[in-house]
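Accompanying notes for the structure given below.
The values are calculated or read from the model by the stated rules, or taken from the named source; none is laboratory data. Fair warning: this is a prediction, and the values are worked out from it, not measured in the lab. Counting neighbours? That spans all protein chains shown, and the Cβs are built from the backbone with ideal geometry, glycine included. We work out accessible area using only protein heavy atoms, side chains counted, and drop any ligands, DNA or RNA first. Shrake-Rupley method; radii C 1.70, N 1.55, O 1.52, S 1.80 Å.
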Amino acid sequence: MVNHRNKSMLTAQLPVVLASEQISGRDSFPVKSGRSPLQTLQENDQLEQSAVQATMQGRRELLEETCHTHTRKRRVLGPEDLRHLIVDDKHKLLYCYVPKVACTNWKRVMMVLTGDGRYREPLAIPANEAHIAGNLRSLSEYSTAEINKRLRTYLKFVFVREPFERLVSAYRNKFTRSYNTAFHKRYGTKIIQRHRADPQAEALEKGNDVSFEEFVYYLVDPQTQREEPFNEHWERVHSLCHPCLIHYDVVGKYETLAQDSRYILKLAGAEGEVKFPATSKSTRTTGDMAAKFFDNISPFYQKKLYNLYRMDFLLFNYSMPAYLKLR
């Protein structure tokens with residue numbers, strides 16, 4: 001079952017946005033001129049499908065089936081749940097960003113698409129600028145009626161990644177890079193205090209040498225989520241983007257990033273305006289790299305961690321990693 005406990009607590013006192021069963025994304029809505037990306041997608045699905053279209057349909061169907069099987073309790077979304085959905089009114093797109101899944105480059109692309117000519121080349125936009133809240137509009141900023149209209153008529157897409165590769169990538173970026181002092185202070189000091197026997201005073205003060213094992217202890221500790229929701233960099237995709245409540249028209253994958261990004265930009269009629277940046281980072285976290293990080297994690301904690309991220313594995317068709325010692 002999808003655990004929305006933390007988010008429900010956050011949204012309980014907020015205005016109701018839309019009941020989940022209404023967010024189908026398949027309703028028609030008058031479009032002033034031309035076809036919207038959602039209409040293009042629906043019309044293309046009626047024609048002979050390309051390999052990419054067939055793949056996307058398979059991902060949608062599996063997501064729907066898994067949600068139906070594992071989600072018993074439906075709820076209503078509040079504005080807080082929609083903060084990760086970025087709006088492009090010009091091209092009628094809604095993008096739910098997931099940290100550590102090419103979200104910096106996708107935010108850059110969205111800035112080009114929504115910037116009225118201010119930005120032309122995604123990689124010319126500094127990474128930190130892509131993450132400044134005011135540079136892109138979130139769906140949570142709109143009125144209830146405007147939110148409902150966009151959920152019905154815009155093409156909604158999300159990019160996902162193998163859950164443990166994403167988790168190891170988040171750990172490497174936030175806890176092993178010397179420049180991430182804010183994360184070390186905010187989370188590292190707490191993790192060391194709770195999960196390290198006899199910590200040194202310097203480690204307690206700086207929080208800059210958290211091991212992956214300690215990070216895992218922190219994640220599976222029930223007290224962690226009782227205190228506050230996970231940070232977005234290691235929060236589960238199903239808690240960030242609510243794929244069992246919002247019908248995503250396209251589920252892109254990190255593993256097929258270039259192909260899936262081209263497909264979305266083509267649907268939006270924007271392939272002439274912007275190209276998704278090619279990635280050739282040699283430092284990217286791979287499955288083999290993730291396996292090494294799990295070497296020192298006991299089967300007991302591996303199982304706890306897998307159970308924590310299990311819905312993301314199931315919803316997006318990722319198999320249990322072969323390196324886990326659970327069998």
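Here are the numbers for this structure:
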item	result
Per DSSP, loop GluC sites (Glu not before Pro) in segment 167-243 with at most 16 further Cβ within 10 Å	Glu232
Distance between segment 63-100 and segment 277-306 - C-alpha centres, whole angstrom	26 Å
Dipole of the chain [Lys/Arg +1, Asp/Glu -1 at C-beta], most positive-end residue of Gln42, Val220, Ala197	Ala197
Sequence of Tyr218, Tyr179, Tyr263 from largest to smallest accessible area, 1.4 Å probe	Tyr179, Tyr263, Tyr218
Distance histogram for segment 272-327 (every C-alpha pair counted, 5 angstrom bins, percent rounded to whole numbers)	4, 15, 19, 21, 14, 10, 7, 5, 3, 2, 0
Accessible surface, the chain, averaged per residue in Å² (probe 1.4 Å)	49 Å²
In degrees, nearest ten, helix 37-46 long axis to first principal axis of the chain (Cα)	80 degrees
P(r), alpha carbons of segment 167-257 - 10 Å bins starting at zero, rounded %	15, 42, 26, 14, 3, 0
Size of segment 188-320 as Cα extents on the principal axes (Å, biggest first)	58, 33, 27
Diffusion coefficient, µm² s⁻¹, Stokes-Einstein with Kirkwood Rh over alpha-carbon pairs of the chain at 4 °C and 1.567 mPa s	62 µm²/s
Largest to smallest accessible area among Arg310, Arg74 [probe 1.4 Å]	Arg74, Arg310
Helical mean residue ellipticity (222 nm; -39500 (n - 2.57) per DSSP H run of 4+; nearest 500) of the chain	-12500 deg cm²/dmol
The chain - percent relative contact order, Cα under 8 Å, separation 6 or more	27 percent
DSSP-defined antiparallel bridges as percent of all bridges, the chain, nearest 5	50 percent
Accessible area (Å², 1.4 Å probe, nearest 10) - Cys103	10 Å²
The chain - charge dipole about Cα centre, Lys and Arg +1 at Cβ, Asp and Glu -1, debye rounded to 20	220 debye
Loop-located trypsin sites (Lys or Arg not before Pro) in segment 109-208 whose Cβ has at most 16 other Cβ within 10 Å (DSSP)	Arg118, Arg120, Arg177
Farthest toward positive dipole pole in the chain [+1 Lys/Arg, -1 Asp/Glu at C-beta], among Gly188, Ala145, Leu62	Gly188
